[in-house]
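Visitor: Take a look at the following structure, please.
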Amino acid sequence: MFTTIDEVLDYIYSFTNLESGLKSSVFNKNYSLDNIQNILEKLGNPQSDNRYIHIAGTKGKGSTTLFITQLLRLAGYTTLSFMSPHLIRTNERILFNGQSILDSELIELTNMIKEKLDYYQLTPTTFELFFIIALFYGNIKKCDYFIMETGLGGRLDCTNVITPVVSVITSIGLEHTEILGDTITKIASEKAGIIKESVPVVLSKQRYNCKNVFKKKAQLSGSSFFYVPDHYSYTIKKYTDKCIHFEYNNDKKIKKDVCLPLFGRHQIDNFLTALESVRLIDNSIDDKLEKMSDISLPGRIEIVDSSKKIICDVSHTVESIAELIFTLKKHFPNQKWHVLIGLAEDKNYKKIVSSIKKISKTMTITSLSSFKPSNPERSYNYLKRTYKNVTLIQDQKEAFDYMLNREENILITGSFYLTGPFMEYYGGK
């Protein structure tokens, strides 16, 4: 029996962890629904008889999940939210009414599930085990809605054993190409795998031309299809250093003025995607938005120190870095940044560091946590040929201290596995 959270986490992470940047051969061996379906059947099918909102996509999944969570709570529903990865504490992956599962609850549930896994000699992956814990936790809490975010892809992600009341697809980009395919169309087809027969589909605004992939799959599944830009328009009224103020209109002739305490037009797109998804459940939700001003999205262009203007952002794709740059220029015009960046080994480092240098006063490149493979020397060697204000500091904590000696305008970005450790380190100082 586990008695501490450290024992529990050691156990959970002792299984095959597909988040840690393993090669495609390892993914392909574990990437199917067979194992999770067998395990859930032995555990009594805890996924049955719940109301789910299922979310897939490349960018904006986490933000959209948190928006949907907040909107459902404003509508009076209780929620279980399942997300990945976490920023600081593992508990952040499983939320009841927006609050992380307690250590004591995670210990109790893991002990109960371990006993069953041992009895039936079952071996989940780490992600599958988190998913199983989330299911049992939501059942114990008797949640009205479970908001479930895919881990990778959609068609063969373990969360795809559920049948939702709404399927949500956020923005698609080129990521995990070794596993999901090397074109936007192939990746979109994998994400479209979460579309179920007669279940409404909400598709967020897309940067690439992939709308028809989802529309065709919805038609073949007999599912109603809602492409958010076809139903909503918005006008940005003001960018400030505290919020984004906008007005939206929809095809139901509803017009609303909203101020989100967040940064970036992309968050408006995520918000409207969440709003349309919840409107399919409660069509009066537009009248319940007064407390959206309370929402926070940790690690999404988040100011962690306003006096020194330290901003943390988990952007880690070419597209999300481009949006980060656009956002900073809008909210903080004519300002340059001391940038600390770390990138996972599989990222398009050339395009990312070439883009971020446009807003950089200086750039420091560091490694990610030991959990995630990275190659900071590669980024440094590439960048130093054209940019003289770049420094390589391999040790994360040394890099954190180096950045905190800067006077102001500090940006930490490139990965959950850099932003999260920095926020934990800075919060503990």
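Visitor: Do the conditions hold for residue 178, that is, is it under 17 Å from residue 318 (Cα atoms) and either touching a residue at least 12 places away in the same chain (Cβ under 8 Å) or not in a helix (DSSP H, G or I) (or both)? Break it down into steps so the answer makes sense when it comes.
Guide: On the way: under 17 Å from residue 318 (Cα atoms): yes; either touching a residue at least 12 places away in the same chain (Cβ under 8 Å) or not in a helix (DSSP H, G or I) (or both): yes.
Criteria met by residue 178.
Visitor: Let me ask something additional. For residue 351, are the conditions met, namely being at pLDDT 95 or above, assigned by the TED database to the domain that holds residue 406 and surrounded by fewer than 17 Cβ atoms within 10 Å (Cβ to Cβ)? Spell out how you get there, then give the answer.
Guide: Details: at pLDDT 95 or above: yes; assigned by the TED database to the domain that holds residue 406: yes; surrounded by fewer than 17 Cβ atoms within 10 Å (Cβ to Cβ): yes.
Yes, satisfied.
Visitor: While we're on this one: If the Cβ limit is 8 Å and pairs must be 6+ apart or interchain, which residue in the stretch 3-22 that is at positive phi pairs with which residue that is surrounded by 14 or more Cβ atoms within 10 Å (Cβ to Cβ)?
Guide: Cβ pairs passing all conditions: 21/344; 21/346; 21/372; 21/373.
Visitor: Please work out if residue 111 is touching a strand residue (DSSP E or B) at 6+ places or on another chain (Cβ under 7 Å) and at pLDDT 95 or above.
Guide: On the way: touching a strand residue (DSSP E or B) at 6+ places or on another chain (Cβ under 7 Å): no; at pLDDT 95 or above: yes.
No: the conditions fail for residue 111.
Visitor: Okay, next question. Name the residues in the stretch 171-207 that are within 20 Å of residue 352 (Cβ to Cβ), within 19 Å of the chain's Cα centre (by Cα) and of a type outside the set (A, V, I, L, M, F, W, C), would you?
Guide: 171, 173, 175, 176, 177, 207, listed by residue number.
Visitor: Kindly provide the set of residues from the stretch 304-319 that are surrounded by fewer than 17 Cβ atoms within 10 Å (Cβ to Cβ) and not charged (D, E, K, R), ordered by number.
Guide: Once the filter is applied, which keeps residues that are surrounded by fewer than 17 Cβ atoms within 10 Å (Cβ to Cβ) and not charged (D, E, K, R), the stretch 304-319 yields 306, 307.
Visitor: Also, quick follow-up: So, in the stretch 396-421, how many residues would count as being aromatic (Phe, Trp, Tyr) and touching a helix residue (DSSP H, G or I) at 6+ places or on another chain (Cβ under 6 Å)? Quick ask: steps written out before the conclusion?
Guide: First, pick out the residues of the stretch 396-421 that are aromatic (Phe, Trp, Tyr): 400, 402, 416-417.
Within this subset, residues satisfying the condition of being touching a helix residue (DSSP H, G or I) at 6+ places or on another chain (Cβ under 6 Å) are 400.
Residues that pass the stated criteria total 1.
Visitor: Identify, please: which residue in the stretch 268-283 is among the hydrophobic types (A, V, I, L, M, F, W, C) and surrounded by fewer than 24 Cβ atoms within 10 Å (Cβ to Cβ) and is, among those, nearest to residue 170 (Cα to Cα)?
Guide: From the stretch 268-283, those among the hydrophobic types (A, V, I, L, M, F, W, C) are 268, 271-272, 274-275, 278, 280-281; that's our starting set.
Filter once more, keeping what is surrounded by fewer than 24 Cβ atoms within 10 Å (Cβ to Cβ): 268, 280-281.
Values: 268: 12, 280: 17, 281: 18 Å.
Within the stretch 268-283, the match that is nearest to residue 170 (Cα to Cα) is 268.
Visitor: Among the listed residues 375, 389, 409, which satisfies the condition of being of a type outside the set (D, E, K, R) and in contact (Cβ under 8 Å) with a residue 60 or more places away in the chain?
Guide: On the way: 375 fails: in contact (Cβ under 8 Å) with a residue 60 or more places away in the chain; 389 fails: in contact (Cβ under 8 Å) with a residue 60 or more places away in the chain.
Of 375, 389, 409, the one residue that is of a type outside the set (D, E, K, R) and in contact (Cβ under 8 Å) with a residue 60 or more places away in the chain is 409.
Visitor: If you don't mind, another one. Go through the stretch 133-168 residue by residue and tally those that are hydroxyl-bearing (Ser, Thr, Tyr) and surrounded by 24 or more Cβ atoms within 10 Å (Cβ to Cβ). So that I can check it myself, show each step before the final result.
Guide: Our first condition is that a residue be hydroxyl-bearing (Ser, Thr, Tyr); within the stretch 133-168, this holds for 137, 145, 150, 159, 163, 167.
Then drop every residue that is not surrounded by 24 or more Cβ atoms within 10 Å (Cβ to Cβ), which leaves 145, 150, 159, 167.
Qualifying residue count, the stretch 133-168: 4.
Visitor: Follow-up question, since we're still on this one. Looking at the stretch 102-122, can you tell me whether even one residue there is surrounded by fewer than 16 Cβ atoms within 10 Å (Cβ to Cβ) and either closer than 24 Å to residue 270 by Cβ or in the same structural domain as residue 416 (by the TED database) (or both)?
Guide: no
Visitor: Mind checking whether some residue in the stretch 241-252 is surrounded by 14 or more Cβ atoms within 10 Å (Cβ to Cβ), in contact (Cβ under 8 Å) with a residue 40 or more places away in the chain and out of contact with any strand residue (DSSP E or B) (no Cβ under 6 Å at 6 or more places or on another chain)?
Guide: no
Visitor: For the structure I just gave you, tell me whether residue 374 is surrounded by 14 or more Cβ atoms within 10 Å (Cβ to Cβ), in contact with an Asp or Glu (Cβ under 8 Å, 6 or more places away or on another chain) and at pLDDT below 95. It would help to see each step written out before you state the result.
Guide: Numbers: surrounded by 14 or more Cβ atoms within 10 Å (Cβ to Cβ): yes; in contact with an Asp or Glu (Cβ under 8 Å, 6 or more places away or on another chain): yes; at pLDDT below 95: yes.
In short, yes.
Visitor: Another question about this same structure. Would you pick out the residues in the stretch 104-158 that are out of contact with any Cys (no Cβ under 9 Å at 6 or more places or on another chain), of a type in the set (S, T, N, Q) and over 27 Å from residue 274 (Cβ atoms)?
Guide: Residues satisfying the conditions are 104, 110, 111, 121, 123, 126.
Visitor: Against the condition farther than 29 Å from residue 213 by Cβ, of a type in the set (Ser, Thr, Tyr) and touching a residue at least 40 places away in the same chain (Cβ under 8 Å), how does residue 125 come out, does it pass?
Guide: Working: farther than 29 Å from residue 213 by Cβ: no; of a type in the set (Ser, Thr, Tyr): yes; touching a residue at least 40 places away in the same chain (Cβ under 8 Å): yes.
Considered against the rule, which asks whether it is farther than 29 Å from residue 213 by Cβ, of a type in the set (Ser, Thr, Tyr) and touching a residue at least 40 places away in the same chain (Cβ under 8 Å), residue 125 comes out as no.
Visitor: I've got another one for you. Hey, can you tell me all the residues within the stretch 197-222 that are surrounded by 18 or more Cβ atoms within 10 Å (Cβ to Cβ), in contact (Cβ under 8 Å) with a residue 40 or more places away in the chain and in a loop (DSSP other than H, G, I, E, B)?
Guide: Correct list: 200, 204, 205.
Visitor: Also: Considering only residues that are without any contact (Cβ under 8 Å) to a residue 60 or more places away in the chain and either farther than 13 Å from residue 298 by Cβ or not polar (S, T, N, Q) (or both), which ones fall in the stretch 100-114? Explain how you work it out, then say what you get.
Guide: Step one: filter the stretch 100-114 for residues without any contact (Cβ under 8 Å) to a residue 60 or more places away in the chain, giving 100-102, 104-105, 108-109, 112.
Result: 101, 102, 104, 105, 108, 109, 112.
Visitor: Now for a different question. Can you list the strands (runs of 3 or more DSSP E) found entirely within the stretch 284-379 that contain at least 2 residues being under 14 Å from residue 262 (Cβ atoms) and within 22 Å of the chain's Cα centre (by Cα)? Give the derivation first.
Guide: Working: elements: 302-305, 310-312, 337-341, 360-365.
Fully inside the stretch 284-379 and qualifying: 302-305, 310-312.
Visitor: How many residues, within the stretch 366-419, are among the hydrophobic types (A, V, I, L, M, F, W, C) and within 20 Å of residue 303 (Cα to Cα)?
Guide: Applying the first criterion (among the hydrophobic types (A, V, I, L, M, F, W, C)) to the stretch 366-419 yields 368, 371, 383, 390, 392-393, 399-400, 403-404, 410-412, 416, 418.
From the residues that got through so far, the ones that are within 20 Å of residue 303 (Cα to Cα) too are 399-400, 403-404, 410-412, 416, 418.
Adding up the residues that qualify gives 9.
Rundown of residues vs (1) of a type in the set (D, E, K, R); (2) closer than 26 Å to residue 60 by Cβ, yes/no style:
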position: 108; (1), (2): yes, no
position: 117; (1), (2): no, no
position: 127; (1), (2): no, yes
position: 135; (1), (2): no, yes
position: 150; (1), (2): no, yes
position: 159; (1), (2): no, yes
position: 165; (1), (2): no, yes
position: 169; (1), (2): no, yes
position: 172; (1), (2): no, yes
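Visitor: Just to be sure before I move on: is residue 71 within 30 Å of residue 323 (Cα to Cα), at pLDDT below 95 and hydrophobic (A, V, I, L, M, F, W, C) in the structure I sent? Before the answer, list the steps.
Guide: Values: within 30 Å of residue 323 (Cα to Cα): yes; at pLDDT below 95: no; hydrophobic (A, V, I, L, M, F, W, C): yes.
Against the criterion (within 30 Å of residue 323 (Cα to Cα), at pLDDT below 95 and hydrophobic (A, V, I, L, M, F, W, C)), residue 71 does not qualify.
The values are calculated or read from the model by the stated rules, or taken from the named source; none is laboratory data. A quick note: this is a predicted structure, and the numbers were derived from the prediction, not measured. For neighbour counting, all protein chains shown are included, and Cβ atoms are generated from backbone atoms with ideal geometry for every residue, glycine included.
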